[in-house]
Structure formats: structure tokens, C-alpha cells
Amino acid sequence: MEGELPLPLYQGQPLASWGSRAVSYLIDLVFGLLLNVPGGALVGVGAAATHGGVRVALIAVGSVLLVVGAIVQIWQSGWRQGARGQSWGKSVTGLRTVSAETMRPIGGPIGLLRWFVDSVLGVVGILQLLNYLWPLWDRRRQTWADKVVGSVVLAR
């Protein structure tokens, strides 16, 4: 659009804007909720149920959904993003997470480390907030997790 500043470049590639990163994160969050919300609801209903067989069944099915939801979310936000360069949200928004050195995907294990750093920072609210806002003023538009693993997020 006219009047918009072009995205800053890194090794000739446009860096992702903060807004597009936020949208991809929200898309990933929605995907994560698809199994976790029904799982949590079933566990809650099961805990309130009075009939023993129904109670056990609801809690068991809800727990399975919660565990599968957590595994899927860790896989897609960590391993898949590292191996392919994109989580589901980044696939939708056209962003790629790559090594700042090689400009190739960082790999599954490093993707898991990046996810883990984000998760650890998420335990303390102010650190999570600063981590997600950091790309607004960082020269390479990196979060702290990006800095730890040496990744950058590129736009189309």
C-alpha cells in the first residue's frame, strides 16, 4: 500500500512484521484449543458426574484429548516449525522461521528448544510479554527465543 514502510531486510529477505507474527501465533493458539477445550470440558463434566462409570469415562476421554492436544501443539509449534520452517499459523500467514546463518529451517531439535525457551519465559507473565513484544524494537525483529537459537522469522 502507498505510504507503508517496506519491511526491513535480512540478507536480502524481508523480515516478518510484528503484526504478522502475532496473527500466526493466534492461529497456532486456535489450533491448540481445538483438542484442549473439549478435553477440559469433558474432564470438568466428568469430575461433576455422580455415576462412577460415566465419571471415569468422561475423565479418561477428556484426559486423552488434553494429552494428545499438548503433544500436537508441541509437535507443530516446536518440531514441525523447526524442521519445515513453519508452524500451522506461519503456513497460513506465509512466514518462515530460519537460521540467521544458513537461511534454512533450524531443524526439529532446535525448533523444540525454541518452543521450550518460549514456554519457560511464559511461566513469568512479564517475561512472556517482553519476549513477544521484543521484535517491535529489535533490529532483526527477534524474540528472545529466536536469539537463543539463532533464528529469524521471514515474510513471503
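Points to keep in mind about this one:
- Dividing the helix sum by the residues of the chain, where each DSSP H run of 4 or more adds -39500 (n - 2.57), gives a mean residue ellipticity at 222 nm of -19000 deg cm²/dmol.
- Legend: helices of the chain (whole DSSP H runs) are marked when their alpha-carbon atoms reach 24 angstrom or more along the helix axis and their mean Kyte-Doolittle hydropathy is at least 1.6; marked are 52-74.
- Most mobile listed residue (T102, T143, T93) in the chain, GNM with C-alpha springs under 10 Å: T102
- In the elastic network of the chain, a GNM with C-alpha springs shorter than 10 Å, the most mobile of L129, L42, L29 is L129.
- R141 sits with roughly 50 Å² accessible to a 1.4 Å probe, with DNA, RNA and ligands left out of the calculation.
- Between Q128, Q142, Q86, the Gaussian network model of the chain with springs among Cα atoms under 10 angstrom shows the greatest mean-square fluctuation at Q128.
- Using C-alpha pairs below 8 Å separated by at least 6 residues, the relative contact order for region 1-128 is 21 percent.
- Rounded to the nearest 20 debye, dipole of the chain from Cβ charges on Lys, Arg, Asp, Glu: 260
- Cβ-defined net charge surrounding W75, 15 Å radius [Lys, Arg +1; Asp, Glu -1]: +2
The values are calculated or read from the model by the stated rules, or taken from the named source; none is laboratory data. Computed from a predicted model, the values in this text were never measured in an experiment. Here the Cβ is made from the backbone with ideal geometry for all residues, glycine too, and neighbour counts use every protein chain on show. All accessible areas refer to the heavy atoms of the entire protein, side chains included, with ligands and DNA or RNA removed. Shrake-Rupley method; radii C 1.70, N 1.55, O 1.52, S 1.80 Å.
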